[in-house]
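**Student:** Quick one: structure below, then a few questions.
The values are calculated or read from the model by the stated rules, or taken from the named source; none is laboratory data. These figures come from a predicted structure and were not determined experimentally.
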Amino acid sequence: MSARKAAEPSPESIARFNRKRLAAEDGARALLDVEKQATDIRKNMARLRELRETKEAADAVLSASLPTRAPTKRRSKPAR
């Protein structure tokens, strides 16, 4: 066992370093993709919420402007 490190790294250590570097890059890229998808989903949800609230408000105005129907009386069963 020598206390000094070799001047040149071994091929195994170079390969290990490259695998770690590629894994770190892939992980960072995956996190960016997940964040982008989450942002897109939140934007879509906000758009759909706005559409729903607009439709509900229009429906409320429409139902308020329509005349209300008088409740019909229930007929009793004929006596036998």
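**Student:** Going through the stretch 42-79 one residue at a time, which ones are hydroxyl-bearing (S, T, Y) and part of a loop (DSSP other than H, G, I, E, B)?
**Tutor:** Scanning the stretch 42-79 gives T68, T72, S76.
A quick yes/no check of all residues on (1) among the acidic types (D, E); (2) modelled with pLDDT of 95 or more:
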{"position": "D33", "(1), (2)": "yes, yes"}
{"position": "K55", "(1), (2)": "no, yes"}
{"position": "R75", "(1), (2)": "no, no"}
{"position": "R80", "(1), (2)": "no, no"}
